[in-house]
Amino acid sequence: MPKSAKPDELPLLIEAKSAGDFANVNKRRKEEAVKVNQLRQTYGKNVRFVLFLCGYFDSGYLGYEAAEGIDWVWEHRIDDLEQFGL
């Protein structure tokens with residue numbers, strides 16, 4: 001939960017993703033978009049969903065996720081989670 005969360009606020013949802021090459025992630029990039037859209041339909045538009053990325057993710061993958069309103073944090077920049085109030 002963010003430090004300033006209100007009692008009725010949802011937690012920040014973080015999904016860890018690891019990829020050993022670019023090909024596999026581009027085949028599966030729609031999965032996160034479907035997941036976040038289902039979460040928003042169920043819990044409302046204020047659902048915050050972030051990817052925690054390790055490995056190989058190219059600009060095509062990142063652009064697709066950004067277009068769906070999904071943000072990400074790289075494993076080597078874990079301090080960036082502070083931007084989400086953690």
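The values are calculated or read from the model by the stated rules, or taken from the named source; none is laboratory data. Please read all numbers here as calculations on a predicted model, not as lab measurements. So basically every Cβ, Gly included, is an ideal-geometry build from the backbone, and we count neighbours across all protein chains shown. SASA here: full protein model, heavy atoms, side chains in, ligands and nucleic acids out. Shrake-Rupley method; radii C 1.70, N 1.55, O 1.52, S 1.80 Å.
Once neighbouring chains are kept in place and the probe is 1.4 Å, which whole percent of the accessible area of the chain is contributed by carbon and sulfur?
50
Using all C-alpha to C-alpha distances in the chain, build P(r) with 10 Å bins and read off the rounded percent in each one.
Here the calculated profile for the chain is 16, 48, 30, 6, 0.
For an R0 of 22 angstrom, estimate the FRET efficiency from the Cβ-Cβ distance between Asn26 and Trp74 and round to the nearest 0.05.
My answer for the efficiency is 0.80.
Students often get this wrong: which residues of the stretch 10-50 have the backbone nitrogen under 19 Å from the point 7 angstrom along Cα-to-C-beta of Tyr56?
Under 19 Å, as judged by backbone N against the label point of Tyr56, lie 17-30 of the stretch 10-50.
Based on alpha-carbon centroids, what's the gap between the stretch 1-20 and the stretch 32-76 in Å, whole number please?
The stretch 1-20 and the stretch 32-76 have Cα centres separated by 12 Å.
Kindly state, to the nearest 0.05, the FRET efficiency for Tyr64 paired with Asp8, given R0 = 25 Å and r defined as their beta-carbon distance.
0.20
Suppose all protein chains stay in the model; what accessible area per residue would a 1.4 Å probe give for the chain, in Å²?
Result: 66 Å² of accessible area for each residue.
In the stretch 1-58, which GluC sites (Glu not before Pro) fall in coil by DSSP and have 16 or fewer other Cβ atoms within 10 Å?
Of the GluC sites (Glu not before Pro), the ones in loops of the stretch 1-58 whose Cβ has at most 16 other Cβ atoms within 10 Å are Glu9.
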